[in-house]
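Read through the structure below, which is laid out as structure tokens, and then see the notes.
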Amino acid sequence: MSQYECILTEVRGDGPRKTGLITLNRPKQLNALNDQLMDELGQALLAFDADDGIGCIVLTGSERAFAAGADIPTMAPHNFMSAFKSGLISKNWETILQVRKPVIGAVAGFALGGGCELAMMCDFIIAADTAKFGQPEIKLGIIPGAGGTQRLPRAVGKSKAMDLLLTARMMDAAEAERGGLVSRVVPADKLLDEALAAAQTINGFSAPSTLLIKELVNRSFEGPLLDSVAVERRYFHALFGTEDQREGMDAFLNKRAPNFQHR
Ligand code: CO8
């Protein structure tokens, strides 16, 4: 029996180095990312990273959703002080950045909010033609809290990132590929095969080369970004001091349109 409840883990492939496959698995909540899921994901990532028999990790979700964001019922009751003091669900959100081996995101369906941010923390993303990316936090009266305002502009450029962040619209797989967020788009029924094949190719190369390429690309891409993500986290927490956060999340939970006070 699996030691996890919110994710599934498997080892795939043949040859001396294999692939660790992690599947996000809260189907009823469209893989919304709660503390338990993020804790389990962190543990699974570090376990595969420490396993000499594993060369690469593939992170995926379901056909319907990679992940529809951080878990809104968990966040809804927070105020600024509780968010600030607890770090609001930040534990294990960035564990993926500690992984030295390549992590491939295999995304089908919704990758929204924290789900899009998690996908962007993978080393590259292979998308199914059904994938939809977005940062809709503004609809909840908050902002992204795990790198969305920082990594999205670096991936797709300022204009498209501003458009997505400010209008909350979703971007389909073709637009994500044009913008450079994803490396390739494949038919949905081929997504996992394609991601596992890419992993298998990487597994056949020299491990030090793969680790160093990953480290160096990330050094260039992520470097000064981490400071900005820390500022982003503070503002993310600060918005839990506003009525509009309460209204945005209450409206979502009660399936009604929000009526923001501060327009
Ligand atoms: N959290 C919890 N539950 C969710 C979430 C979520 N983010 N998204 C969907 N669900 C649930 C729904 O409540 C619903 O549950 P139920 O059946 O019990 O009512 C179920 O999943 C299915 O959802 P829908 O019925 O809404 O399905 P639709 O196909 O009609 O719509 C959508 C799918 C478009 C994905 C829609 O569910 C939606 O808009 N979801 C919210 C998306 C969103 O706003 N995401 C951003 C959340 S905020 C965030 O991610 C901040 C990250 C900060 C990270 C900071 C770390 C430190």
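Once amide H atoms are placed 1.01 Å from N in the peptide plane, what residues at a sequence separation of 5 or more from Arg184, or on another chain, have their amide H within under 5 Å of its amide H?
Ala127
What dipole magnitude, in Debye to the nearest 20, does the chain give about its Cα centre under +1 on Lys/Arg Cβ and -1 on Asp/Glu Cβ?
The dipole magnitude comes to about 500 debye.
Ranked from the most accessible area to the least, with a 1.4 Å probe and all protein chains present, what is the order of Phe236, Phe124, Phe84?
I get Phe84, Phe124, Phe236, largest accessible area first.
For Leu46 and Gln261 in the same chain, what is the full-extension length gain: residue separation times 0.36 nm, less their Cα-Cα distance, in nm?
Answer, rounded to one decimal: 73.1 nm.
Over all alpha-carbon pairs of segment 1-135, lay out the pair-distance distribution in 5 Å bins, whole %, shortest bin first.
The percentages, shortest bin first, are 2, 11, 20, 24, 20, 13, 7, 2, 1, 0, 0.
What do you get for Rg/Rh of segment 117-228 when both radii come from the Cα atoms and Rh is the Kirkwood radius?
1.00
Given a cut-off of under 8 Å on Cα pairs at least six residues apart, what relative contact order in percent is computed for the chain?
Computed over the chain, the figure is 20 percent.
Express in Å², to the nearest 10, the accessible area of Arg100 obtained by rolling a 1.4 Å probe over the protein heavy atoms while all chains stay in place.
Counting only protein heavy atoms, Arg100 exposes about 140 Å² to solvent.
Counting only heavy atoms of the protein chains, get the accessible area per residue of the chain (1.4 Å probe) and round it to a whole Å² value.
Roughly 47 Å² per residue, with all protein chains present.
Students sometimes get this wrong: rank Glu215, Glu94, Glu243 by accessible area, probe 1.4 Å, all chains present, largest first.
Largest accessible area first, the list is Glu243, Glu215, Glu94.
With an 8 Å Cα cut-off and a minimum separation of 6 or more residues, compute the relative contact order for segment 130-253 in percent.
39
In the chain, what percentage of the DSSP-assigned beta bridges are antiparallel, given to the nearest 5?
So the antiparallel bridges amount to about 25 percent of the total.
In the chain, carbon and sulfur make up what percent of the accessible area (probe 1.4 Å)?
The computed percentage sits at 57.
What length, rounded to one decimal in nm, is gained on full extension from Glu5 through to Gln36, with 0.36 nm per residue of separation minus their alpha-carbon distance?
10.3 nm
Express the C-alpha Rg of segment 32-98 as a ratio against the empirical globular expectation 2.2 N^0.38 Å, rounded to two decimals.
Compared with the compact-globule rule of thumb, segment 32-98 sits at 1.30.
Along the charge dipole of the chain, Cβ charges K/R +1 and D/E -1, which of Phe205, Ala128, Pro153 sits furthest on the positive end?
Pro153
Scale the Cα Rg of segment 1-49 by the rule-of-thumb value 2.2 N^0.38 Å and send over the ratio, two decimals.
Cα Rg divided by the expected 2.2 N^0.38 Å: 1.21.
Note the direction-averaged projected area, equal to a quarter of the hull surface, for the Cα convex hull of segment 99-177, in nm².
Value for segment 99-177: 4.8 nm².
Find, to one decimal place in angstroms, the Kirkwood hydrodynamic radius of segment 151-190, where the mean of 1/r is taken over every pair of different Cα atoms and then inverted.
For segment 151-190, inverting the mean 1/r across all distinct Cα pairs yields 10.6 Å.
Give me the Å³ per residue figure for the convex hull around the C-alpha atoms of segment 194-234.
89
Any chance you could list the semi-axes, whole Å, largest first, of the equivalent ellipsoid that the Cα gyration tensor gives for the chain, using √(5λ)?
In descending order the semi-axes read 30, 19, 18 Å.
The values are calculated or read from the model by the stated rules, or taken from the named source; none is laboratory data. If you're wondering where the values come from, they're calculated on a predicted model, not measured in any experiment. Backbone-built Cβ (ideal geometry, glycine too); neighbour counts: all protein chains shown. Please note that ligands, DNA and RNA were not included when accessible areas were found on the heavy atoms of the full protein model with its side chains. Shrake-Rupley method; radii C 1.70, N 1.55, O 1.52, S 1.80 Å.
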